[in-house]
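For reference, the structure discussed in these notes is given below.
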Amino acid sequence: MKQIAAESAVAEVKDGMVVGMGTGSTAAFATQALGKRVREGLDIIGIPTSRQTEAQAKALGIRLSSLDERSEIDLTIDGADEVEKGPLNLIKGYGGALLREKIVASATKRLIIIADESKLVEKLGTNHSVPVEVVPFGWKLAAQKIQDLGSKPELRANSDGSPFVTDGGHYILNCKFGLIEDPSSLADELDRIVGVVEHGLFIRMAAEVRLGGTAGVETLFPEKR
């Protein structure tokens, strides 16, 4: 399901485009599909959102650049952990690259989210907590402030118990809020906490969502306010 959604989105890529490349298991299918099209003659420049995606893209022969050199992106293809019906707000960040993913998303003309149909929910927080990226210095203070918002933050850890560290050198707190009635207000609250670098609430950033399912790919567009 993820693969057919990825291939559907990659079909939108045209010669000469600058393409943002997401991180995670679903986005990896898109990178693989892009590599296949490049081998077939597609001429693009990719902007990876993580070292993991960068390594995969290089191995596939995709020409890469950075936001320092390319400040405007034509199309970004990325995955999501949850997609809210209607506005298509997202929870992202389980791949550990939410900061770079949001920077790239904010610089893109068109953000296509790919996912399997299980990711579509009535309200964010149904199945996933919200990843919040924090600076290591004083991270427990930030965690306390997040807890005051009604969450139960847990420091993301590696298999050996050590803190997971992002490509930017930060920690991630997995913050369980339960059903999120007002994602926009929660995003604003998190933005105001000192020590929070970024969070995994992507509010009205998706231009469309391609959902892979047993019946094929369904394309969703955000409802107008």
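Just so it is clear, none of the values below were taken in a lab; they were calculated from the coordinates. Note that the coordinates shown come from a computational prediction; the quantities given were computed from them, not determined experimentally. FYI the Cβ positions are ideal-geometry reconstructions off the backbone, even for glycines, and counts take in every protein chain you see.
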Taking the Cα centre of the stretch 1-158 as origin, sum charge times position over the Cβ atoms of Lys and Arg (+1) and Asp and Glu (-1), and report the length of that vector in debye to the nearest 20. 260
Among the aspartates and glutamates, select those whose C-alpha is under 16 Å from the C-alpha of LYS152, and discard any that sit fewer than 8 residues away in the same chain. GLU133, GLU189
Mind putting a number on the dipole of the stretch 130-196 about its Cα centre? Charges go on the C-beta only, +1 for Lys and Arg and -1 for Asp and Glu, and I need it in Debye to the nearest 20. 240
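Where both partners of a DSSP beta bridge lie in the chain, what percent of those bridges are antiparallel, to the nearest 5? Don't jump to the answer; show the numbers that get you there.
Working: 22 of 42 bridges.
So the antiparallel bridges amount to about 50 percent of the total.
Subtracting the Cα-Cα distance from 0.36 nm times the residue separation, let me have the gained length for ARG39 to ILE103 in nm, one decimal.
Details: separation 64, 0.36 × 64 = 23.04 nm, distance 2.82 nm.
Full extension from ARG39 to ILE103 adds 20.2 nm.
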Determine which residues of the stretch 116-152 fall in the zone a paramagnetic label at GLU12 would reach in this model, i.e. backbone nitrogen under 20 Å from the point 7 Å along Cα→Cβ. 116-121
So for the pair ASP160, ALA59, with labels modelled 7 Å out along Cα→Cβ, what separation do we get in nm? 2.2
Two-site label geometry, ASP148 and SER118: point separation in nm, points 7 Å out along Cα→Cβ: 3.8
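With Rg and the Kirkwood Rh both taken from Cα atoms, where does Rg over Rh land for the stretch 130-196?
On the way: Rg = 11.8 Å, Rh = 12.2 Å.
Radius of gyration over Kirkwood radius for the stretch 130-196 works out to 0.97.
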Take the alpha-carbon positions of the stretch 104-159, form their convex hull, and give its projected area averaged over all directions (one quarter of the hull surface) in nm². 6.5
I'd like the Karplus ³J(HN,Hα) series for the stretch 80-94: coefficients 6.51, -1.76, 1.60, θ = phi - 60°, whole numbers in Hz, and an x wherever there's a Gly or Pro. 8, 8, 9, 10, 7, 4, x, x, 6, 5, 10, 10, 9, x, 6
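Pairs to check: LYS58/LYS140; LYS2/LYS123; LYS58/LYS119; LYS123/LYS224; LYS102/LYS123. Give those whose C-alpha atoms are more than 26 Å from each other in this structure.
On the way: LYS58/LYS140 37 Å; LYS2/LYS123 21 Å; LYS58/LYS119 29 Å; LYS123/LYS224 17 Å; LYS102/LYS123 21 Å.
Beyond 26 Å: LYS58/LYS140; LYS58/LYS119.
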The chain: angle of helix 25-39 to the longest principal axis, Cα-based, in degrees nearest 10: 20
Debye calc, one equal point scatterer per Cα of the chain, no solvent, log10 I(q)/I(0) at q = 0.08, 0.11 1/Å comes to -0.27, -0.52
For the chain, built as a Gaussian network whose Cα springs stay under 10 Å, the top-fluctuating residue of ASP148, ASP43, ASP78: ASP148
